[in-house]
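Student: Sharing a structure here in structure tokens format.
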Amino acid sequence: MSARRDAETPIARTFQTFLTDKGKGEGGSDGAYRRDAERELDRFRRWCRGETPDPANASPPDSWGGIVRGESRNVQFTDLDSTVFGDYARYLVVSGFSNGTVLTYYAYVASWCGWADAQGYIPRHYARESDAEDPLPEGAGRRPGDQQAWSPAQRDDLTRYVDERASAAIDALGAVEVPAEERGDPQSEAVREKASARFRAYKRCRERALAYVLCYTGLRASEFLNAPDDDRPGRNGVRWADVSFSDNNVTVYRKKQQWDEASLPDPVLGPLERYGRLLDVPEDWPVFTTLHRPTLARHVTAGLEARGLSESEIERQRDGRPDLLVAAEFDLNAPPALKPNGARRVLERLCADAGIAVDDERHSYLAPHGGRRGMGEVMVREFGYAAAARYLDNSEEQVRQAYQHIEAAERADMATEALSKTDGRVRDGPSE
């Protein structure tokens, strides 16, 4: 990659080239698209630099410091990821524009992002990833209430299924006996069978804990999993040290770029504790480790080499045993955490295996953001918008925008009740 396409290139330095490519006339200097795109890219640049108040991502709005908070430098491509574009979408949503205008303004910035991807400045088209587009209003006549939100029945179906699988795997683990004289021998068939059973139980309990966290906490996937291409502190997966079972909370790095304590409701604690007891790992390990085999193989091999083990001894330790168990036994450094895309694949597989039907044009399975929205609906209906905003770590204005279908239904009920006291045909119902 040439120097001019380095990830540390200031984003504003590329705007004119992009606009020229999109413009009309001699030298690409004319055209309505170019003029409108230039205006929206300038809006995006000012937002990135913290030069405009942002009620969606900061409280108070004037405290918004941009995406390079605390640094007096230009915004660079290395500062961008899907979270940035998702936050910008939220900013547009609460800026007073109509839904159509929000989609149009975002599209100009997304077009530039796609261009930057094609030019080699960034590794992916961040602006069109699901995490970035989730806050946008739906087009084509769809309403906010049409976006995926896990229903109580879907939460029940999912948690019941993962409970059954985890319980069966734990029972199978308990049924495997290892003779005392064979314990500690990695070549023992009984030891290998026990290791395989433990790993299966670990996977099933990991699935269960993941499902419960997504069902009931309202956490964003990027707050507790390994957010790709985001090297900010706290975005590489929540650690066991961050979890407090006594205080029912977990410390996470929020989208407002600060550490905060998020709630762990009672239903989450049991599955999470049982999962944590399956492997005796250091507290700096991620709660949800990756199970990607090549990644773990490299991690364990490098870790054992650093411990001074020979190639033959490393092969003996790894032979017939899952790498994750070897890493835990030797107290190796923390392996990478599960990524949001990995969580989506887990959910897709679970929904297919459990026969959970999902009526959604974008996802045929229960997507992670639907768990957060579902919990938001519960909080709005039971405690109102202010409490839901606090639980979801959002502004009340944003929550009202996202769940306006609930308020509309409540207003309809109020109108019906009022009319039933004044209008006879409403009170008695229309005659047949």
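The values are calculated or read from the model by the stated rules, or taken from the named source; none is laboratory data. Worth saying up front: this structure is predicted, and the values here are computed from it rather than measured. Using ideal geometry, Cβ is built from the backbone for each residue, glycine included, and neighbour counts are taken over all protein chains shown.
Student: Looking at A409, A389, which is the one that is modelled with pLDDT under 75 and under 20 Å from S151 (Cα atoms)? Reasoning before the result, please.
Tutor: Values: A389 fails: modelled with pLDDT under 75.
Result of the check over A409, A389: A409.
Student: Within region 328-357, how many residues are free of Cβ contacts under 8 Å to residues at least 40 places away in the same chain and of a type in the set (A, V, I, L, M, F, W, C)?
Tutor: Total satisfying the criteria: 4.
Student: Determine whether region 4-14 contains at least one residue that is in contact with a strand residue (DSSP E or B) (Cβ under 7 Å, 6 or more places away or on another chain), modelled with pLDDT of 90 or more, assigned to a helix (DSSP H, G or I) and not hydroxyl-bearing (S, T, Y).
Tutor: yes
Student: Kindly provide the set of residues from region 335-357 that are of a type in the set (G, A, S) and not in a helix (DSSP H, G or I), ordered by number.
Tutor: Kept after step one, since they are of a type in the set (G, A, S), are these residues of region 335-357: 337, 342-343, 352, 354-355, 357.
Answer for region 335-357, where residues must be of a type in the set (G, A, S) and not in a helix (DSSP H, G or I): A337, G355, A357.
Student: Considering (1) surrounded by 15 or more Cβ atoms within 10 Å (Cβ to Cβ); (2) over 25 Å from the mean Cα position of the chain (by Cα), say which one R183 fails and leave the rest.
Tutor: (1)
Student: Separate question: Pull out all pairs, ordered by first then second residue, where Cβ-Cβ is under 9 Å, the residues are six or more apart or on different chains, the first lies in region 109-122 and is closer than 11 Å to T9 by Cα and modelled with pLDDT of 90 or more, and the second is among the small types (G, A, S) and part of a helix (DSSP H, G or I).
Tutor: From region 109-122, the pairs are I122/A116.
Student: Still on this model: Residue by residue through region 399-425, note down the ones that are more than 32 Å from the chain's Cα centre (by Cα) and in a helix (DSSP H, G or I). Steps first, please.
Tutor: Quick first cut of region 399-425, residues more than 32 Å from the chain's Cα centre (by Cα) only: 411-425.
Within region 399-425, R411, A412, D413, M414, A415, T416, E417, A418, L419, S420, G424, R425 qualify.
Student: Can we say L325 is closer than 24 Å to V162 by Cβ, part of a helix (DSSP H, G or I) and touching a residue at least 60 places away in the same chain (Cβ under 8 Å)? Full working, then the answer.
Tutor: Working: closer than 24 Å to V162 by Cβ: yes; part of a helix (DSSP H, G or I): yes; touching a residue at least 60 places away in the same chain (Cβ under 8 Å): yes.
In short, yes.
Student: Six or more apart or on different chains, Cβ under 6 Å: which pairs go from a residue in region 43-59 that's farther than 17 Å from D79 by Cα to one that's among the aliphatic types (A, V, I, L, M) and surrounded by fewer than 24 Cβ atoms within 10 Å (Cβ to Cβ)? Could you list them?
Tutor: P55/V94; A56/V94
Student: While we're on this one: Would you mind stating whether E177 is over 35 Å from the mean Cα position of the chain (by Cα), among the acidic types (D, E) and outside any helix (DSSP H, G or I)? Give the steps one after another, and end with the answer.
Tutor: Values: over 35 Å from the mean Cα position of the chain (by Cα): yes; among the acidic types (D, E): yes; outside any helix (DSSP H, G or I): yes.
Criteria met by E177.
Student: Does any residue of region 71-89 turn out to be of a type in the set (D, E), in contact with a Phe, Trp or Tyr (Cβ under 6 Å, 6 or more places away or on another chain) and either modelled with pLDDT of 95 or more or assigned by TED's automatic domain parsing to the domain that holds Y33 (or both)? Before the answer, list the steps.
Tutor: Here is the first cut: in region 71-89, the residues of a type in the set (D, E) are 71, 79, 81, 87.
With in contact with a Phe, Trp or Tyr (Cβ under 6 Å, 6 or more places away or on another chain) added as a condition, the list becomes 81.
Checking the rest, the ones that are also either modelled with pLDDT of 95 or more or assigned by TED's automatic domain parsing to the domain that holds Y33 (or both) come to 81.
Scanning region 71-89, I find at least one residue that is of a type in the set (D, E), in contact with a Phe, Trp or Tyr (Cβ under 6 Å, 6 or more places away or on another chain) and either modelled with pLDDT of 95 or more or assigned by TED's automatic domain parsing to the domain that holds Y33 (or both), so the answer is yes.
Student: Would you please name the residue that is farthest from the chain's Cα centre (by Cα), looking only at residues in region 21-58 that are farther than 19 Å from T101 by Cβ, modelled with pLDDT under 90 and surrounded by fewer than 15 Cβ atoms within 10 Å (Cβ to Cβ)?
Tutor: Going through the qualifying residues, I end up with E26.
Student: What do you reckon, is L158 under 24 Å from the mean Cα position of the chain (by Cα), closer than 17 Å to A56 by Cα and of a type in the set (A, V, I, L, M)?
Tutor: Details: under 24 Å from the mean Cα position of the chain (by Cα): yes; closer than 17 Å to A56 by Cα: no; of a type in the set (A, V, I, L, M): yes.
In short, no.
Student: Looking at L264, L304, which one is of a type in the set (A, V, I, L, M) and under 30 Å from Y91 (Cα atoms)?
Tutor: Values: L304 fails: under 30 Å from Y91 (Cα atoms).
Going through L264, L304 in turn, just one is of a type in the set (A, V, I, L, M) and under 30 Å from Y91 (Cα atoms): L264.
Student: Of the residues that make up region 144-158, is at least one surrounded by 20 or more Cβ atoms within 10 Å (Cβ to Cβ), out of contact with any Asp or Glu (no Cβ under 7 Å at 6 or more places or on another chain) and free of Cβ contacts under 8 Å to residues at least 60 places away in the same chain?
Tutor: Within region 144-158 (the criterion being surrounded by 20 or more Cβ atoms within 10 Å (Cβ to Cβ), out of contact with any Asp or Glu (no Cβ under 7 Å at 6 or more places or on another chain) and free of Cβ contacts under 8 Å to residues at least 60 places away in the same chain), the answer is no, since none of the residues qualifies.
Student: Which residue is surrounded by the most Cβ atoms within 10 Å (Cβ to Cβ), if the candidates are limited to region 358-393 and must be in contact (Cβ under 8 Å) with a residue 60 or more places away in the chain and in a loop (DSSP other than H, G, I, E, B)?
Tutor: This residue is L366.
Student: Right, next: Taking region 213-230 as the search range and keeping residues that are hydroxyl-bearing (S, T, Y) and modelled with pLDDT of 95 or more, which one is surrounded by the fewest Cβ atoms within 10 Å (Cβ to Cβ)? Let's see the steps before the verdict.
Tutor: Filtering region 213-230 down to residues hydroxyl-bearing (S, T, Y) leaves 216-217, 222.
With the extra rule that they be modelled with pLDDT of 95 or more, the set shrinks to 216-217.
Values: Y216: 20, T217: 24.
So the residue we want is Y216.
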